[in-house]
1. For region 407-482 and region 60-116, what is the separation of their Cα centres, given in Å?
2. Could you work out the percent of alpha carbon pairs in region 98-145 separated by over 18 Å, rounded to a whole number?
3. Rounded, prolate or oblate: pick one for region 66-197, where a ≥ b ≥ c are the square roots of the eigenvalues of its C-alpha gyration tensor, a/c under 1.5 means rounded, and failing that, prolate if a/b is larger than b/c, else oblate.
4. On alpha-carbon atoms, Rg over Rh for region 215-285 using Kirkwood Rh?
5. Could you tell me the convex hull volume per residue, in Å³, taken over the Cα atoms of region 337-495?
6. Could you bin all the Cα-Cα distances of the chain into 10 Å bins starting at 0 and give me the percent of pairs in each, rounded to whole numbers?
7. Starting from the eigenvalues of the Cα gyration tensor, five times each then square-rooted, give me the equivalent ellipsoid semi-axes of region 444-584, largest first, whole Å.
8. Just to be sure I follow: if Rg is taken over the C-alpha atoms of region 235-374 and Rh is the Kirkwood radius over the same atoms, what is Rg/Rh?
Amino acid sequence: MVQLRFPDCRPWITWLLLLVGACHLPLGWVTNFSAAQDSSNPARDLAEGSQGAIVTGSRQSRDAGLAMLQQGGNAVDAAVTSMLVQSVVENRLFCFGSEVPIIVYDAKRQVVEVIAGLGAAPRLASPEWFREHRDGKIQGRDDIANVVVPGFLDACLTALERYGTRTFSECAQPMLDVLRQRANRSEPNDANQGDADNSRDIDFVRHHKNFLRLIERLVAAEQASNSDRITGLRRVSEYFYRGPIARELDAWSREKGGLLRYVDMAQHVTRIDDPVAVSFHGYTVYKCGVWTQGPYALQALRMVEDRDLVAMWHNSADYVHFVIESIKLAMADRDAYFGDPHFVEVPIKQLLSDEYTAMRRSLINMEQASLQQVPGDPWQMQPVLGLPPQDYKVHSGRSNDTTSCLVADQWGNVVSATPSGWGGVIANDLGLELGSRMIGLHTWEGHPSLVAPGKRPRITLTPTLVLKEGRPVMAVSVAGGDQQDQTSIQVMLNRLVFGMDPLTAVRSPRFGTDHHINWFGHEPAKLGSLTVPREMNTDLDKLQQRGHHLQIGRPAASAVILTIDPATGLKQAAGDRGRFAGGY
């Protein structure tokens with residue numbers, strides 16, 4: 001385990017807050033630190049409870065998960081229940097036929113594990129196929145060729161089998177209720193079918209009727225097993241991945257010119273991974289592996305370890321510059337090395353080592369913003385590789401979607417999940433929406449994410465779990481593509497270094513950069529870019545003088561946070577506006 005140490009800074013902050021009026025210090029960060037206490041951030045936005053808490057991307061999914069907790073279900077039961085509802089009510093951010101990485105703290109075994117809820121590319125997917133049929137591009141939305149094996153359902157079933165206490169049928173009941181409500185809406189009068197809005201309404205109702213039948217078939221498969229809970233869960237998986245649903249998907253894909261086949265579905269396996277972790281300020285921060293972008297956030301945390309961030313002042317020009325330059329270096333390594341570890345060797349141990357961290361940190365110039373992407377060479381233990389990461393140089397499609405789900409229960413279990421995936425197509429007769437995750441693969445020879453049969457695309461989805469002395473104290477999940485871990489880094493620093501309460505930590509103004517290769521459209525990096533919100537009260541002139549290419553605005557990301565006080569057991573949950581928290 002890599003050890004990072006910071007002095008406890010919270011007494012410093014308390015002292016400074018008390019003296020700021022007398023000292024008249026130019027502390028823009030103090031205003032931000034206190035933002036959640038004013039009338040624009042009412043206390044009701046912070047949910048809390050001694051038994052359980054949840055925060056998700058929609059009110060209905062929050063309510064469903066909270067009800068499961070109140071009925072005696074654990075955090076995994078509640079997370080699965082919530083995410084199933086999310087796949088209906090947030091189906092333009094996340095769909096049933098897509099993916100979800102999940103980090104679980106299992107209180108009984110006192111371990112942190114990752115459920116890799118991501119499917120692989122079909123056996124027919126190859127660079128040659130995309131060069132022949134798509135001019136070398138792996139497109140974004142609405143292309144049937146972008147479908148990978150749906151990983152979400154089996155991730156949920158695996159989670160329930162390994163950690164849960166409820167059946168699939170029990171967890172799916174709130175989802176079924178929502179689907180029945182939507183499917184039972186009267187279809188518009190056929191006389192008006194020429195109207196575009198009317199046609200969309202018809203498609204909407206029919207789609208939910210088909211999707212309702214699909215979920216009812218899965219529930220029936222479980223109940224027909226007439227056996228124990230574990231056997232029932234496995235019957236659902238068999239029915240979907242190796243039974244009638246898989247064969248119907250095969251037939252649909254063949255008819256429509258897609259690549260997905262029965263054999264791809266039948267060979268799908270949900271892996272249980274060890275997380276990647278570093279120690280930071282007395283905490284242990286856990287992320288998913290290098291098939292996600294998560295480990296680069298750990299690199300960035302390592303690089304900020306030797307500076308007194310409190311002395312820089314929160315969101316000051318020095319602070320913004322130092323944190324964003326650290327992020328630039330870590331993201332350059334992300335772009336150069338990350339990919340499916342079953343196909344490419346990623347030097348993650350070296351990337352997080354003391355020696356490499358020190359070398360990379362030495363490249364940060366506090367007087368000048370970097371205007372180049374500079375990956376290092378962890379294999380040779382050199383600070384600079386000498387080549388920029390490969391970008392596709394051809395604009396492919398985009399896919400902007402993702403939501404969040406965090407849950408903690410009364411027994412100490414915690415779930416941090418980032419469900420995602422839309423932008424794809426609908427298998428109409430099944431009502432099954434499928435994502436477009438193949439866009440995380442490329443046709444660039446030598447690239448770590450070169451498309452190959454059975455290879456998982458690299459994804460931006462990156463939930464976070466934080467422990468202190470072996471007990472969970474915080475979970476974070478962010479929607480926002482390449483901005484996700486730029487946001488989670490800032491939320492973690494807000495909480496762990498500056499001691500902010502959860503609501504303030506998640507809603508303090510944030511900055512971001514596009515100084516990286518876009519993992520969706522594969523466009524080259526926008527070198528030197530820096531987005532800063534106007535309300536951050538940062539000295540913009542100082543940032544411009546250092547060469548940052550400033551844009552005033554808010555980075556496109558939405559975060560949620562859940563904290564647990566290990567002494568009292570109090571759980572608090574909050575999120576950016578438009579996210580919904582609950583506790584009891």
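What follows is calculated from the coordinates using simple rules that are stated; it is not laboratory data. Please read all numbers here as calculations on a predicted model, not as lab measurements. Here the Cβ positions follow ideal geometry from the backbone for every residue, glycine too, while neighbour counts run over all protein chains shown.
1. A separation of 13 Å, based on Cα centres.
2. Roughly 53 percent, once rounded to a whole number.
3. Oblate, since a/c reaches 1.5 and b/c is not below a/b.
4. Over the Cα atoms of region 215-285, Rg/Rh equals 1.23.
5. 186 Å³
6. 4, 18, 28, 27, 16, 6, 1, 0
7. 29, 24, 13
8. Taking Rh as the inverse mean 1/r over Cα pairs, Rg/Rh reads 1.18.
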